[in-house]
Every structure is written in structure tokens, then in C-alpha cells.
Amino acid sequence: MTSPDDDSSSTPQPETPEPRYADRVFRSPSGIAGGVLLLALGGWLGIDAVINGSGRTPWVALAGLLFVVPLVVAFSLRPAVFAGADRLRIRNPFRTVVLPWASVEGVRAGYSSEVLAGGEKYQLWAVPVSLRQRKRATRRQARAAAEDVSGRTRAHSGVDIDQKTRAAADQTIDDLRELAEQNAGREGAQGEPEVRWAYELIAPAVAGAVLLVVLLATG
């Protein structure tokens, strides 16, 4: 004969859902700053031409803005890399690539940052490689090695020293590679790469280019 306490203890408990964390976002601060400056300058010149221009100038200015603004946004503000628990989302100038971690075959940084997946190569526009920064990092590593010939300092804080002396792009690639290795076996990380084109930027840029050509050709 069982007691009520025994019945309650044998009841299976619901599984605790796995906590979800926000995606890690990688962007280029210098690219964003440059894009904002270009947009501000282009907007000032374009609006001035529209307001104070005469004849066909306002129309040419509008067509130029319609052509240039989407391009500036695409190449400076749009690029980003979102690394989540299940997938890597790469937002490049004119397309977005979604890569489940299981489909990622490699992450590398040579003269540019790239992800290999599904037999294809996808560039990471948001993680630019700076050869100058890489050279500075090499000099810092050589200086740290010279200051610690005995190796005692590196034995205590080797990880911190290595992170401080690495170029930003190389450190980001290492982080993405580690995430790919850790999460490739997850159930939600299975699947094939997906590619979506950014027609919201392509369409106005093409329309502005066509309109600009027509206005200049008939002027």
C-alpha cells in the first residue's frame, strides 16, 4: 500500500528549459562611424541642392541620393555578425547568410575574414582584417616575450597576455571558431545554409542609378 507521499515522489518532473542567451554581435566601429559621416555629408549636400538648386539640379540630387544612400548603408551600417547558440547569421552588404553551426566547416582570417560552410565561402564584412593592426600585435607579442624570457609571467597570466597582444579580427575569428566547435552538436544547430538577398537596399539603389542615368543622358 502506497502513501500519497510515495505517489508524488514518483511523478516525473517537467524538464527545465535550457536558458536562452542573447546573440553575440560583431560589428566594425570604424565602418559605422565612416558611414554616419558619409550619410551626414551626403544628406547635407543633397538637401541643399534640392532646396537651392534650379532647373534639373533638384531631380539629379534626388536621384543621386536614392542611388548613394542605400550603398553607404549597405557597406557601412548594415554589415554585422550575430553568433547565437544554434546558428551564425552573417549580414553582408547585399545578402544575409544563416549558417547552422553544424554546417560550418571552418572559420579563418587571411587577408579577409571568411567562413566555410556547405562547400561555399562566405566573407565576414563586419570583421575586417587590418594588416597594420596585425603587425602591431606581432610587435607586442615579441616585446612581451622579450620582457618575460623566463616564462614566469606567462605561466600566471598567459591567456590575458595573448588576448591583449592579438589583433581584433584574429581574436574574433578565434571566438567564432570556438563557438562553432562547442555548438555543432546541438539539436537546434543542424541544417543547411540559407541565403537571403537584401532587396530593400538593392531595389532603391538600382532605381536611383537608372533615374540618374536617364536624367544625365537627357540633360
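Over the stretch 64-115, Cα pairs under 8 Å with separation of 6+ residues give a relative contact order of 21 percent.
3J(HN,Hα) along the stretch 192-199, derived from phi through the Karplus expression 6.51 cos²θ - 1.76 cosθ + 1.60 where θ = phi - 60°, amounts to 10, x, 10, 10, 10, 7, 8, 5 Hz, with x in place of Gly and Pro. Amide H contacts for S113 (H built 1.01 Å from N in the peptide plane; partners 5 or more residues away or on another chain; cut-off under 5 Å): L124, V129.
Ranked by the mean number of other Cβ atoms within 10 Å of their residues, highest first, the peptides 197-210, 169-182 fall in the order 169-182, 197-210. Taking 0.36 nm per residue of separation and subtracting the Cα-Cα distance, what length does fully extending E194 through L216 add? Residue separation times 0.36 nm, minus the Cα-Cα distance, leaves 4.0 nm. Here the Karplus curve 6.51 cos²θ - 1.76 cosθ + 1.60, taken at θ = phi - 60°, turns the phi angles of the stretch 119-124 into couplings of x, 10, 10, 10, 7, 9 Hz, with x standing for Gly and Pro. Of the peptides 68-76, 103-111, the order by per-residue mean of other Cβ atoms within 10 Å, starting with the highest, comes out as 68-76, 103-111. Full extension of the chain between A203 and L116 yields a length gain of 28.5 nm, computed as 0.36 nm times the residue separation minus the alpha carbon distance.
Rule-based calculations on the coordinates, nothing more; no lab input. Owing to the predicted nature of the structure, the values given are computational and were not obtained by experimental measurement. Neighbour counts run over all protein chains shown; Cβ positions are idealised from the backbone, glycine included.
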